[in-house]
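To start, the structure under review is shown below, and the notes come after it.
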Amino acid sequence: MIHRKSCIVACLSGLLAAAAVMFAAERPEDAAQTAAESWLKLVDGGNYAASWQQAAKGLKSAVKETEWNQTAGGVRAPLGKVVSRKLKSREYRDKMTTTTRVIGGRVYTWGGAGQYVIIVFDTAFARKALAVEDLILVKDTDGVWRVSGYFVR
């Protein structure tokens, strides 16, 4: 009887440990940060066309690829290469306040219900030592985290 109880306790402990690992691996902030860092490598390398291809459906429907290339290049190229980038914060939200911004003379709006992670990096560029990068990631309809907003201030 004692052996059986030990076996049950061991099995339950194993299941709880496995569940904890699975839960930790499924954190939306972790998956979104990985997607953001991968996407930023494209932007850092000046590969704006590829960054548009990997962006969220909402961004791609709002901004044409040629506009994105011009806007992203116009913002990033003058800053120079990335010297350092440090995670400042990340926050999961299941709803975003509807936000509107004018970029390149066009009005863009996004937000509402969905799964979002806002990621902020403190970044030093060759020609701007103190910058902040804000990324808004959304979990697209296919379940993949993608960038839907990017701002440098």
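The values are calculated or read from the model by the stated rules, or taken from the named source; none is laboratory data. Please read all numbers here as calculations on a predicted model, not as lab measurements. Heads up, the Cβs are rebuilt from the backbone with ideal geometry, glycines too, and the neighbour counts pull from every protein chain shown.
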request  = Please list, ordered by first then second residue, the pairs with beta carbon atoms under 9 Å, 6 or more apart or interchain, first in segment 78-100 and farther than 25 Å from ARG27 by Cα, second polar (S, T, N, Q) and surrounded by 12 or more Cβ atoms within 10 Å (Cβ to Cβ).
outcome  = LEU79/THR123; VAL82/THR123; VAL83/THR123; SER84/THR123
request  = Test GLU91 against the stated conditions and say whether it is in contact with a Phe, Trp or Tyr (Cβ under 7 Å, 6 or more places away or on another chain) and either hydrophobic (A, V, I, L, M, F, W, C) or assigned to a strand (DSSP E or B) (or both).
outcome  = no
query = Residues of segment 62-101 being surrounded by 13 or more Cβ atoms within 10 Å (Cβ to Cβ) and hydroxyl-bearing (Ser, Thr, Tyr), which ones?
reply = THR71, TYR92
remark   = Quick count over segment 123-150, residues being within 19 Å of GLY45 (Cβ to Cβ) and part of a strand (DSSP E or B), is 10
request  = Return the residue satisfying two criteria in turn: it lies in segment 26-75 and is basic (Lys, Arg), part of a helix (DSSP H, G or I) and at pLDDT below 95, and of such residues it is nearest to ALA124 (Cα to Cα).
outcome  = LYS60
ask   = If LYS95 passes every condition in (1) in contact with a Ser or Thr (Cβ under 8 Å, 6 or more places away or on another chain); (2) modelled with pLDDT under 95 but one, which one does it miss?
value = (1)
ask   = For residues in segment 139-153 being touching a Leu at 6+ places or on another chain (Cβ under 9 Å) and not charged (D, E, K, R), which is nearest to ARG76 (Cα to Cα)?
value = VAL152
